[in-house]
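S.K.: Mind looking over this structure? Questions follow.
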Amino acid sequence: MKNRNSELMEMLEYLELFALEERFKAICDSPKFSSLDSVQLLQELVSAEYDYRKEDRLDRLLRLSRLGKNTALASNLKSGNGRIYNENVIRQILTLGFVEKRLNLCIFGQSGIGKTYAAKAIGAECCRGEYKTYFTDCTTLIDELLIMKTSDPAKYNKKLKYFGKIQVLILDDFLITHINEERASILFQLIKLREVFGTSTVVTCQYPADDWGDFMGEQNEPALSDAIRRRLTSGFILNIETA
């Protein structure tokens, strides 16, 4: 039996099934080893590897999401400490049904109310749901895309497609400043492409959607700002208010 166990552990190590190997060693040394039937033993081993890989995938998704050292917790998204949430909306959002249904989410509230915190907490839940998530400052992203579009159109198109396909893209501080027509056009291309790919966009913004045109030169291109507004508000709205 020892030789067979050693051979099996060598094979597990060769296959890099380290969590399964570690669990097998522990079971072999456990008094309950002899009482396990074949199905129970297999379940013990597979569960160990499954849990390890699921945790590893979550770590990678959180790292790639750029949520930073994430301390934002979904459990904290409840009314109190000077903030009022629509907790029914919060419950619906945290089921991640909006991602599955390819809907967007707009988080509104005054400066300092906790919009970024809420977006990061929801982003972390999306990672736990195994959705590829990416958090970025909206102005920074649009500026980077503008530089690419000017210097290397092919790279710009590739990058635009990359951001279009990310399952959950979080644009923090949406329209924190006025943007010119060229930047508004890039923003529209990005939002339109995400609609085509059926991916969800989360934005945090201080200003109501009806005011967005004021930040995009609506007097010159009203159709452009209206198209962005219509697409981004087709989904859930979370207002965070002061108590």
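The values are calculated or read from the model by the stated rules, or taken from the named source; none is laboratory data. Please read all numbers here as calculations on a predicted model, not as lab measurements. Neighbour counts run over all protein chains shown; Cβ positions are idealised from the backbone, glycine included. Areas reflect the complete protein model, heavy atoms only, side chains present, ligands, DNA and RNA absent. Shrake-Rupley method; radii C 1.70, N 1.55, O 1.52, S 1.80 Å.
S.K.: Taking the square root of 5 times each eigenvalue of the Cα gyration tensor, what semi-axes in Å does the equivalent ellipsoid of region 126-240 have, largest first?
M.R.: Gyration-tensor ellipsoid for region 126-240: 20, 19, 12 Å.
S.K.: In degrees between 0 and 90, to the nearest 10, how far off the longest principal axis of the chain does helix 115-128 point, with axes built from Cα atoms?
M.R.: Compared with the principal axis, the helix lies near 40 degrees.
S.K.: Express the accessible area of region 68-119 per residue in Å², computed with a 1.4 Å probe while the remaining protein chains stay in the model.
M.R.: 56
S.K.: Rounded to the nearest 5, what % of the DSSP beta bridges within the chain are antiparallel ones?
M.R.: Here the antiparallel bridges make up roughly 15 percent for the chain.
S.K.: Still on this structure, please answer the following. Given a 1.4 Å probe and every protein chain left where it sits, what share in percent of the accessible area of the chain is carbon and sulfur?
M.R.: 50
S.K.: Just want the answer: with Cβ charges of +1 for Lys and Arg and -1 for Asp and Glu, which residue in Leu193, Leu73, Gly213 is farthest toward the dipole's positive end in the chain?
M.R.: Leu193
S.K.: Right, here's the next one. For the chain, what does -39500 (n - 2.57) per DSSP helix run (n ≥ 4), summed and divided by total residues, give at 222 nm, in deg cm²/dmol to the nearest 500?
M.R.: When only DSSP H runs of four or more count, the value is -17500 deg cm²/dmol.
S.K.: Identify which of the listed values of Kirkwood radius over Cα pairs in Å was calculated from the structure shown: (i) 19.7; (ii) 20.6; (iii) 19.0.
M.R.: Matching the structure shown: (ii).
S.K.: While we're here: Strictly over 22 Å apart at the Cα level, which of Lys159/Lys192; Lys54/Lys161; Lys54/Lys78; Lys69/Lys101; Lys69/Lys159; Lys101/Lys159 would you flag in this model?
M.R.: Pairs exceeding 22 Å: Lys54/Lys161; Lys54/Lys78; Lys69/Lys101; Lys69/Lys159; Lys101/Lys159.
S.K.: Run the quick spin-label model on Ile147 and Lys165: label points 7 Å from Cα toward the beta carbon, then report their separation in nm to one decimal.
M.R.: 2.4
S.K.: Which order do peptides 166-178, 230-242, 149-161 fall in by mean Cβ count within 10 Å, highest first?
M.R.: 166-178, 230-242, 149-161
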